[in-house]
Amino acid sequence: MLTEFFRNYPRIRVIDLLLSHPYTEYSKKDIAECADIARGTLYEFFDELNKYKLIKPTRKIGNTQLYSIDMDSLAVKALNAFQNILAATGIGEEVEVHGEVEDIDGLFNDIDKIFEDEMGSR
């Protein structure tokens, strides 16, 4: 969904992949392969994914570190909400969020609450 809006850049491909599969653990090699980018390209910006708390290390298998998207991150929550808004504009005035159908205004209220909760906890 994000690649349709932001175009087909490697960073967007990786973020779109991780958002689309929030419970999947990936090695760096897996991320590059699944996002269809070169490993060298991923390595150019991988540290930024950590820096902005978009990913988190999960576990190690042998010497291989696995990662998944950090669903507790404010940035990820905002990106996920934005992706839902993009989907909503594609299907009309309704979108499925957490198993319930809500209107766009309700979705924006959810986004506001995420930011208020996150900023209030600092």
TODO: Please specify each residue of region 31-78 satisfying the condition of being under 10 Å from the mean Cα position of the chain (by Cα) and either basic (Lys, Arg) or more than 16 Å from residue 15 (Cβ to Cβ) (or both).
DONE: 77
Task: Filter result (surrounded by 16 or more Cβ atoms within 10 Å (Cβ to Cβ) and either at pLDDT below 95 or farther than 21 Å from residue 83 by Cα (or both)) within region 19-34 - done: 19, 26, 32
- [ ] Count, please, the residues in region 11-40 that happen to be under 18 Å from residue 57 (Cβ atoms) and part of a loop (DSSP other than H, G, I, E, B).
- [x] 6
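Quick one: which strands (runs of 3 or more DSSP E) lie wholly within region 45-119 and hold at least 1 residues that are at pLDDT below 90 and loosely packed, with under 14 Cβ neighbours inside 10 Å? Please lay out each step first, then the result.
On the way: elements: 55-61, 64-69, 94-97, 100-103.
Qualifying strands (runs of 3 or more DSSP E): 94-97, 100-103.
The values are calculated or read from the model by the stated rules, or taken from the named source; none is laboratory data. As the structure is a prediction and not an experimental result, all values here were calculated from the model. As a convention, Cβ positions derive from the backbone with ideal geometry for all residues, glycine included, and neighbour counts pool all protein chains shown.
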